[in-house]
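Engineer: Before I ask anything, here is the structure I am working with.
The values are calculated or read from the model by the stated rules, or taken from the named source; none is laboratory data. None of these values were measured; they are calculated from a predicted model. Positions of Cβ are backbone-derived with ideal geometry, glycine not excepted, and every protein chain shown enters the neighbour counts. We work out accessible area using only protein heavy atoms, side chains counted, and drop any ligands, DNA or RNA first. Shrake-Rupley method; radii C 1.70, N 1.55, O 1.52, S 1.80 Å.
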Amino acid sequence: MNAFGLHALVLISEWDEAGAEKAIRSAAAIGYDIIEVPLFDPGSTDLERTRDLLRQHGLTPSVSLGLTAETDISSPDVAVSRAGIAQLHKVVEATAFIGGTIVAGVIGSAWQKYLTPPTDAGYRNAVSGLREVAQEARAKGVVLAIEVVNRFESNLLNTAAQGLRFVEAIGEDNVGVHLDTFHMHIEEADAAAAIRACGSALRYFHVNENHRGYLDTGSIDFAPIFRALVSARYAGAISFEAFSSSTCTPAIAGNAAIWRSVFEDGEDVASRALDVLKSGMASAHRAMTQVGR
Ligand code: MN
C-alpha cells in the first residue's frame, strides 16, 4: 500500500516554528504517514526542531519547493542556473538532515508564469544542473522528483511525456517524474495513460482537485487515475495538496493564482481527503486484481 502524505500548506501558511509544530501534530493525528514540508529556503528553517518534531510524532517528511527567477536552473544565463544548482544542493542536504528521501516540486525551472518559451541553452543547463544535484543526492539517499505543472506555472515541462524525456536526458536513477492531478487535468489528453506511460519513472504523486479545495467535489474523475497508479505499480507516496486564499501567503498565492477561499478549515479538508485517498486506492486495488492488472 502506498504511503499517504499531506502538503503542510493545507494546514498552515508558513513552515515556521509554530507552523511546523501545528502541521506535524495535525497530520499525525488525522492519520497521514507523510508530511510534505515546503522548503523554499532551508537557510531560514529551524531544521533541528523540524527533525525532532517529526521523530516525536512518528511522521516521515517529503520535501517540495519551487525555484524562483533568481534560482531558475533552466535559465540560459549560466550564473542564474548555477544559483539554482546551489539552492538545490542546500535543499538536498536539509532533506537528508530531517530524515527525508524525496525532493519534489518545480525544480526543473522557476515556479512562475513565463512570457516566452524555454530555450535550448536553458534546457541543457537544467538537464546538466539536475544531473549534478542528483549525483550528490544519491550519496545522501535522496531522490529528485521533478513536477510537471500546467502552462501558467512553468514553460518547461507541462506534460508527462515532456517530463519523461527530461528525466531520461538527465539519466540518473534517483531522478524521476512528479505528477499532479490538478495540472494533468489541464494539460493531458488522458491522465491515466500519462501515469501508465511514466511507469517506474514516476517517483512522486500529488492528488488535488481541479479547484484545489475539497477532494472529490470537483470535475476530476479520480477512479481511473487511482487504477492507473496500481497498474503502473506505483509504490511511492500519494500526497494531498490543496490551496485556499484563507491560508496562502501572498507569495504562494501569486505563483499558483490562489485568489478565492475554497476552504477555511484545513484540518477538515485534510481529514476528508485521506478518506477519499484510502477508499479510492482500496477500490482501485480490488478492481485491478479482478482484471489481473
Ligand atoms: Mn503539485
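Engineer: Does GLY213 fit the bill of being among the small types (Gly, Ala, Ser), at pLDDT 95 or above, away from the ligand (no atom under 12 Å from the Cβ) and surrounded by fewer than 24 Cβ atoms within 10 Å (Cβ to Cβ)? Write out each step before concluding.
Structural biologist: Values: among the small types (Gly, Ala, Ser): yes; at pLDDT 95 or above: yes; away from the ligand (no atom under 12 Å from the Cβ): yes; surrounded by fewer than 24 Cβ atoms within 10 Å (Cβ to Cβ): yes.
The answer is yes for GLY213.
Engineer: Within region 220-293, considering only helices (runs of 4 or more DSSP H) that don't extend past its boundaries, which have at least 1 residues that are surrounded by fewer than 18 Cβ atoms within 10 Å (Cβ to Cβ), of a type in the set (Val, Ile, Thr) and modelled with pLDDT under 95?
Structural biologist: Numbers: elements: 222-231, 250-256, 266-290.
Qualifying helices (runs of 4 or more DSSP H): 266-290.
Engineer: To continue, here is another question. For region 160-171, check the following and say yes or no: at least one residue is without any contact (Cβ under 8 Å) to a residue 40 or more places away in the chain, within 19 Å of SER231 (Cβ to Cβ) and open to solvent by 10 Å² or more (accessible area, probe 1.4 Å).
Structural biologist: Yes, that holds for at least one residue.
Engineer: A further question on this structure: If I filter region 144-165 for residues that are within 13 Å of the ligand (Cβ to nearest atom) and part of a helix (DSSP H, G or I), do I get at least one hit?
Structural biologist: Yes.
Engineer: Another question about this same structure. Would you tally the residues in region 248-278 being of a type in the set (Val, Ile, Thr) and closer than 27 Å to THR68 by Cα? Can you show your working first?
Structural biologist: Let us first name the residues in region 248-278 that are of a type in the set (Val, Ile, Thr), namely 249, 252, 258, 262, 269, 276.
With closer than 27 Å to THR68 by Cα added as a condition, the list becomes 249, 252, 258, 262.
Going through region 248-278 one residue at a time, the tally reaches 4.
Engineer: May I pose another question? Only residues in region 126-155 that are closer than 17 Å to SER64 by Cα count as the first member; pair them with residues that are at pLDDT below 95, Cβ under 8 angstrom, at least 6 apart or cross-chain, and list the lot.
Structural biologist: Note: pairs meeting the criteria are GLU153/ASN255; GLU153/ALA256.
Engineer: Just name the residue that is nearest to the ligand (Cβ to nearest atom) out of those in region 80-116 that are open to solvent by 40 Å² or more (accessible area, probe 1.4 Å) and of a type in the set (Val, Ile, Thr).
Structural biologist: By that ranking, first place goes to THR101.
Engineer: Does HIS185 fit the bill of being assigned to a loop (DSSP other than H, G, I, E, B), touching a residue at least 12 places away in the same chain (Cβ under 8 Å) and open to solvent by 10 Å² or more (accessible area, probe 1.4 Å)?
Structural biologist: Details: assigned to a loop (DSSP other than H, G, I, E, B): no; touching a residue at least 12 places away in the same chain (Cβ under 8 Å): yes; open to solvent by 10 Å² or more (accessible area, probe 1.4 Å): yes.
The answer is no for HIS185.
Engineer: What number goes with the only condition from (1) within 21 Å of ALA110 (Cα to Cα); (2) away from the ligand (no atom under 15 Å from the Cβ) that ALA223 does not pass?
Structural biologist: (1)
Engineer: Taking THR101 as meeting all but one of (1) more than 22 Å from GLY163 (Cα to Cα); (2) under 20 Å from the mean Cα position of the chain (by Cα); (3) modelled with pLDDT of 95 or more; (4) of a type outside the set (Asp, Glu), write down the number of the exception.
Structural biologist: Exception for THR101: condition (1).
Engineer: State whether the residues of region 62-79 include one that is in contact with a Pro (Cβ under 7 Å, 6 or more places away or on another chain) and open to solvent by 50 Å² or more (accessible area, probe 1.4 Å).
Structural biologist: Step one: filter region 62-79 for residues in contact with a Pro (Cβ under 7 Å, 6 or more places away or on another chain), giving 64-65, 74.
Then keep just the ones that are open to solvent by 50 Å² or more (accessible area, probe 1.4 Å); that gives none.
Scanning region 62-79 turns up no residue that is in contact with a Pro (Cβ under 7 Å, 6 or more places away or on another chain) and open to solvent by 50 Å² or more (accessible area, probe 1.4 Å).
Engineer: Do we find a residue being closer than 18 Å to GLY266 by Cβ and not polar (S, T, N, Q) anywhere in region 39-51? Reasoning before the result, please.
Structural biologist: Of region 39-51, the ones closer than 18 Å to GLY266 by Cβ are none.
No, region 39-51 contains no residue that is closer than 18 Å to GLY266 by Cβ and not polar (S, T, N, Q).
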